[in-house]
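One structure is given below, encoded as C-alpha cells.
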Amino acid sequence: MLIKCEYIIMSRIKFVIVIIAVVIVAAGMFHFLSTPSHADYYDNFTEDIGGDGFLVANLTHALKTGENSIPDGSFNASIGEYEYFGARNISYVDYVGAKDYIVVWKTTPDKYDFFNTQNKVNQYVSDYSENSDEKCFIEYSYENNAVYGIIIGSQNNITFKESELMYEILGLDENGYDLVYTTKSPSYSYGYSSGSSHYHTVVPDRYTLSRTDPGAYYDHYEYGDNYAIDDYLESEGYD
C-alpha cells in the first residue's frame with residue numbers, strides 16, 4: 001500500500017511539473033508572438049514596394065508588426081483622389097511606442113490617366129491629405145511599364161514631411177526629384193524624374209550607415225546632429 005501511495009504521489013508531482021512547463025512555454029510563445037509595445041532605437045524595416053527594387057521604403061527607428069492585403073480603394077488628397085490597386089497595408093510601431101501604417105502597391109499604368117505613358121521618362125506625383133497629415137507618392141516607371149505607390153499614415157503623432165518621405169524613406173535623389181507641394185503651388189503637382197538613375201537606392205538608418213560607410217554618413221547627414229554617432233566616428237579617426 002505504501003509503495004502504491006508513493007507511486008501516486010510521484011505521478012501527481014510529475015503531472016504538476018508538466019502542467020507548469022506547458023504554462024511557461026505557452027507564456028513564452030505568447031510573449032514572442034504578441035505585438036511589441038515599441039521598437040528599439042536602432043530597429044528599421046525595409047519594404048520593396050513592387051518586389052523588383054525600383055521603389056523601396058525604409059523606415060528607421062521602427063518595427064514592422066503586421067501586413068495584410070486590402071481591397072482596392074482611394075486616397076483623398078489636396079487636389080483630388082488617387083486610387084490604389086492590389087495594395088498591402090503594413091503596420092509598424094516606433095521606438096517611443098507610437099503605432100502607424102503604410103499602404104504600398106504596384107499596378108499597371110492604364111489605371112492612371114494623369115501619367116503620359118508616351119513620354120519615355122519616369123513621372124511622379126506627391127500629395128497630402130488636407131484632413132490629416134497623410135502623405136502619398138506615386139511614380140510611373142516607363143522602363144518597367146508599371147506604377148508604384150505609397151501612402152504613409154499619420155496617427156499617434158507620427159508625422160512626416162514631404163522631404164522625409166521622398167528623400168529619407170524612399171531614398172530618392174534630391175537632384176532628380178523636386179518637392180512638389182512644399183515648394184510649389186498645390187495646383188502644380190506633377191513632376192518628372194531626371195531619368196539619370198532608374199533604380200533607387202535606400203539610404204540606411206544613421207547607425208548602420210555610420211558603421212558601413214562613414215564617408216556617406218557625413219555626406220548625407222549634418223555633422224553634430226547625433227552626438228552618439230559622431231563620438232563613435234571620431235573614436236574611429238573620422239572628423
Please list, in chain and number order, the residues 5+ apart from Gln123 or on another chain whose amide H is under 5 Å from its amide H, with Hs placed from the backbone. Tyr140, Tyr142, Ser193
Derived scalar couplings ³J(HN,Hα) [region 45-52; Karplus, 6.51 cos²θ - 1.76 cosθ + 1.60; whole Hz; x for Gly, Pro]: 9, 10, 10, 7, 4, x, x, 10
What does the highest-first list of 98-105, 140-147 look like by mean Cβ count within 10 Å? 98-105, 140-147
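No lab work stands behind these numbers, since they all come straight from the coordinates. This is a predicted model, so every value here is computed, not measured. A quick note on method: Cβ atoms are made from the backbone with ideal geometry, for glycine too, and the neighbour counts reach across all protein chains shown.
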